[in-house]
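Just below is one structure, and these are the notes that go with it.
Please treat every number below as a calculation from the coordinates, not as lab data. Keep in mind that what you see is a predicted model, and the values were worked out from it rather than measured. Cβ atoms come from the backbone with ideal geometry, glycine included; neighbour counts cover every protein chain shown.
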Amino acid sequence: MGKHRLGCVLVFSVIASLGLVSFTSCLVAEAKRPKKADLKLDGKLCFLPASHGFGFGVAALICLSIAQIIGNVLVCANYWSRSGKARKAKKPILTAILLAFSWISFGVAIILISTVTSMSRRQPYGEGWLDGECYMVRGGVYISSGFLSLAAVLALLGIAAITITTNQVDQGQKVYAQNA
């Protein structure tokens, strides 16, 4: 039981750390995004240099994706562990709501971060980001996507905590019943 708890704490720590790195990367990317002063116009053509926000956006995407994968593997592993059959969840409605919230937050965050990170790349004269026009990232988009990524990770941790404590309580009752 001690190794199981240590493993859970380690996995929880990894998921939480990846979520915090994703959130922090979004905050830094917001500060490093291209500004209006960086935009250069030449008649109808525009130029926007690459920004450091691109690298931080990629880091946020990678960390959030890895956290989502690890968290869902943990939840599925606890759900199917030991007996090989699916366990009946003690709090199925709460677990389903948190799982749906986690995936929706994750999906929206990935779309936002991907889009604004793509806009943070170099936009040469005549090429731009879309249809030859330059587009700039609005203020607050990275921050809002950072909060969405944090929400997705927190929901995952909540699901994992519910499933792990439910499984540990079930196992504790089984051991007690066998000793009686």
For Leu45 and Phe147, what does the FRET efficiency come to when R0 = 45 Å and r is the distance between their Cβ atoms, rounded to the nearest 0.05?
0.80
Take peptides 149-159, 110-120 and line them up by average Cβ neighbours within 10 Å, highest first, as a rough protection proxy.
149-159, 110-120
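I'd like to compare 22-35, 94-107: which one has the highest average count of other Cβ atoms within 10 Å, and what's the full order after that?
Details: 22-35: 21.1, 94-107: 16.7.
Per-residue mean Cβ counts within 10 Å order the peptides as 22-35, 94-107.
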